[in-house]
Amino acid sequence: MTNDIFDISGNTPLVPMKQLTRQKKARFMAKLEYMNPCMSHYCRVSTAIVKEAEEEGLIHPGMTLVDWTFGTSGIALAMVAVSKGYKVLLAAPDSICREKQDVLRALGAELVLTPSEATGGNLHGCVAVAENLVRTMPNAWFANMYENPVSRQVHQSGTGPEIFSQSDEKVTHVFVPMASGAMISGIGRYFKSVNPDVQIIGVEPVGSIYHDLHEGRSQGGVTSFQLEDIGAVQPTSFWEPEVIDRIVQVSDADAFNCGRELLRSEGVFAGGASGAAMCAALREGESLGSDSLVVVMMTDFGGYDLSRMYNDEWMRRQGFYRKAKTALDQITADDILLRKARKDLIFAQPEQTLADVFEMMKQNDVSQMPIVSFGAPIGSISENKILSILIENDSAMNAKVVAFMEKPFPVCQPDATISELSGKLQTNAAGVLISLSDGRLQLITKSDLIDALTHK
C-alpha cells in the first residue's frame, strides 16, 4: 500500500525478449519505463523536479507550472502537478500525436500549440513561447524538464543502479533513446563509475545531431523525422560524450515497424522511440556472443501513438508500412533444428562407392543422403536412385557414387522461414541443407516441417 501513486515511480520491470531475439546469441532485456505511473521515464523526472521545487520553496499549490514538450514529458509533469493542486501550461508543436493532446487536455492542462518548424524536432518556437509565458504570467514557474539538472541526477542515482541490480550486475550493453540526453548521461555516469566496460549506446533518428557530434564532426544539416520523444536539433546542457560509447541512428520506418513487431511478438506496447532503441539493439546484437546481456530502454507508451505508428493507413501514407509476419514466418530453420536432436550430418563423399554409401544408409536408417566435398554440397543420392542403377547394371555397386549423383539439396540460412523451406521441398527436393554459422551443415526434411507445424 502506498500513500501516493507517484511513490511507485521507478523500479520498472526488466523483462526478457524471446521471439525477436531467437536468432541472436546474446540475451536481450527490455526495461519497461512506460510502466511508470505517467507511462514514460519522465515520471521519475517530473516527480523529482516538483518535489525539489517544493522543498526549496520555489512553488506552492495554486501556482502555474510552465514547460515546453513533445507531449510525453508534458503528460508526466501534468499528472504530478495537478494531483498536488498546480495548474499546468504547456507549449508544444502542433504536430504531436492527437492522443497526447487529448490526454493533456483531459488532465486539465492548458496547451499552446505552435506551428511546426520545417525541420523535424525543432522546438525553438515552443521554447520561446514557454519562456515568454513565464515572464509575463504572474505566479508561474518554469519547470524546464529538458534542461533541469534534476533530470540527469534521477537517472544517475535511480535508473542506472536499477539496471545493474535487476541484471544481477551482468549487463554488458545499454541502449538509450536520446532526446535531451539526460537519461543517457545519467545512466552513463553511473556505469562508468561502477563498471566502465558496460557499453552505453545512444539511439536517435536519422536526421538528428548527436551521431555527428559524437564522431567529432561539425553539426550537419538537420533533416526531418517523424519520431517523437527522441532526437534533437541542438545539444542541451546534458550532452556528455565521454560517458557514451557510440551513437546509432535509426530511420523512421525501421523504428516504427520494430515497435509494431515488439507488440505482436513480445506483448510490449511501446512507442516509436522505444522501437528505435530495440531496432538499434537487434542490429548491433548480430555480432554479440552468448556472454552479452543487452538492456534496451522502453521509454514511451504505444497508446500515445495509436493514430500514427499503430495505424496502418497512416503508415502507408508515410511509406513506412510493412506487412506483418504470418504465423508461418515466425518459425525458422533454426527453430526446427532446435526441436531435433542435433547430430553430425550424415553425408557421402564423391570417391566412395555405391556399396559404401548404401551401407551407410542402412546403418543410419536414411533413404537419401547429400554428397559433400570439402564442406560444400555437390550432389545427392537416394535409395530409389541406387535401385534404378542396379536394375540397369548390377555390377555398379563398386563404382564411385560421384558418377551417379543427383542434384544437390538446396541450401538455406538458419533464419529461413518455414514457408521458404516448404517452397524448396515442394520442388522435388528430398531435403534442405542449413548452413550454420560455424560452417557445419544440417538437414531438414518434410517430416521435420510437419513436426514443427503440429507442435508449434
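Nothing in this text is a laboratory measurement; each read-out follows from the coordinates by a stated rule. The shown structure was predicted, so the numbers you read here are calculated from the model rather than taken from an experiment. Positions of Cβ are backbone-derived with ideal geometry, glycine not excepted, and every protein chain shown enters the neighbour counts.
Label-to-label distance, Arg283 versus Asp394, with points set 7 angstrom from Cα along the beta-carbon direction: 6.7 nm.
Treating r as the C-beta distance of Val82 and Arg317 and R0 as 35 Å, the FRET efficiency rounds to 0.50. Its relative contact order, with pairs defined as Cα atoms under 8 Å and 6+ residues apart, puts region 333-454 at 27 percent. Cβ screening of the chain for cysteine pairs under 4.7 Å finds these without a partner: Cys97, Cys126, Cys412. Distance from the alpha carbon centroid of region 151-202 to that of region 268-308 works out to 16 angstrom. A cut-off of 5 Å between modelled amide H atoms, ignoring neighbours fewer than 5 places along the same chain, links Thr114 with Ala92, Asp94.
Karplus-derived 3J(HN,Hα) values for region 361-374, using 6.51 cos²θ - 1.76 cosθ + 1.60 with θ = phi - 60°, are 4, 5, 5, 9, 6, 10, 10, 8, 8, x, 10, 10, 10, 6 Hz; glycine and proline are entered as x.
Note on Ala403 and Lys18: their simple-model spin labels are 5.6 nm apart, each label 7 Å out from Cα toward Cβ.
How much length would be gained if the chain were fully extended between Glu147 and Asp334, taking 0.36 nm per residue of separation minus their Cα-Cα distance, in nm to one decimal? The span from Glu147 to Asp334 would gain 62.6 nm if fully extended. Taking label positions 7 Å along the Cα-Cβ direction at both Thr136 and Ser165, the computed distance is 4.7 nm, reported to one decimal. Proximity of backbone amide H atoms, modeled 1.01 Å from N, is registered between Val206 and Val250, Ser251, Asp252 at under 5 Å, excluding neighbours fewer than 5 places apart on the same chain.
For region 348-436, GluC sites (Glu not before Pro) are listed when DSSP marks them as loop and at most 12 other Cβ atoms sit within 10 Å of their Cβ; the list is Glu351.
Residues whose amide H comes within less than 5 Å of that of Asn144, counting only those at least five positions distant or on another chain, are Trp68 (H built at 1.01 Å from N in the peptide plane). Remark: relative contact order (the chain) = 13 percent; criterion is Cα-Cα distance under 8 angstrom and separation of 6 or more residues. Karplus-based coupling profile of region 142-154, in residue order and whole Hz: 8, 5, 6, 4, 6, 10, 5, x, 4, 4, 6, 4, 4, with θ = phi - 60° in 6.51 cos²θ - 1.76 cosθ + 1.60 and x standing for Gly or Pro.
Placing +1 on the Cβ of every Lys and Arg and -1 on the Cβ of every Asp and Glu, with no other charges, gives the chain a dipole of roughly 680 debye about its Cα centre. Fully extending the segment from Glu215 to Gln426 would add 70.9 nm, taking 0.36 nm per residue of separation and subtracting the current Cα-Cα distance. Residue-wise HN-Hα couplings along region 71-82, as the Karplus relation 6.51 cos²θ - 1.76 cosθ + 1.60 with θ = phi - 60° gives them from phi, are x, 5, 5, x, 4, 4, 5, 5, 4, 5, 5, 5 Hz; Gly and Pro carry x. Taking only the Cα atoms of the chain, the radius of gyration and Dmax are 28.8, 106 Å. For region 44-126, the set of GluC sites (Glu not before Pro) satisfying both a DSSP loop assignment and a count of at most 13 other C-beta atoms within 10 Å is given as Glu56. Here the ratio of the Cα radius of gyration of region 21-166 to 2.2 N^0.38 Å is 1.14. Evaluating kT/(6 pi eta Rh) at 25 °C and 0.890 mPa s, with the Kirkwood radius of region 333-454 over Cα pairs in the Stokes-Einstein relation, gives 164 µm² s⁻¹. Entry note, the chain: the mean residue ellipticity at 222 nm calculated from DSSP H runs of n ≥ 4, each adding -39500 (n - 2.57), is -10000 deg cm²/dmol after division by the residues and rounding to the nearest 500. Between Arg440 and Asp102, full extension at 0.36 nm per residue minus the direct alpha carbon distance yields a gain of 116.0 nm. Counting only DSSP beta bridges whose two residues both lie in the chain, roughly 35 percent are antiparallel. Using a cutoff of 8 angstrom between alpha carbon atoms and counting only pairs six or more residues apart, the relative contact order for region 42-142 works out to 29 percent. I'd like the FRET efficiency for Arg264 and Leu387, computed as 1/(1 + (r/R0)^6) with the beta carbon distance as r and R0 of 51 Å, rounded to 0.05. Calculated transfer efficiency: 0.55.
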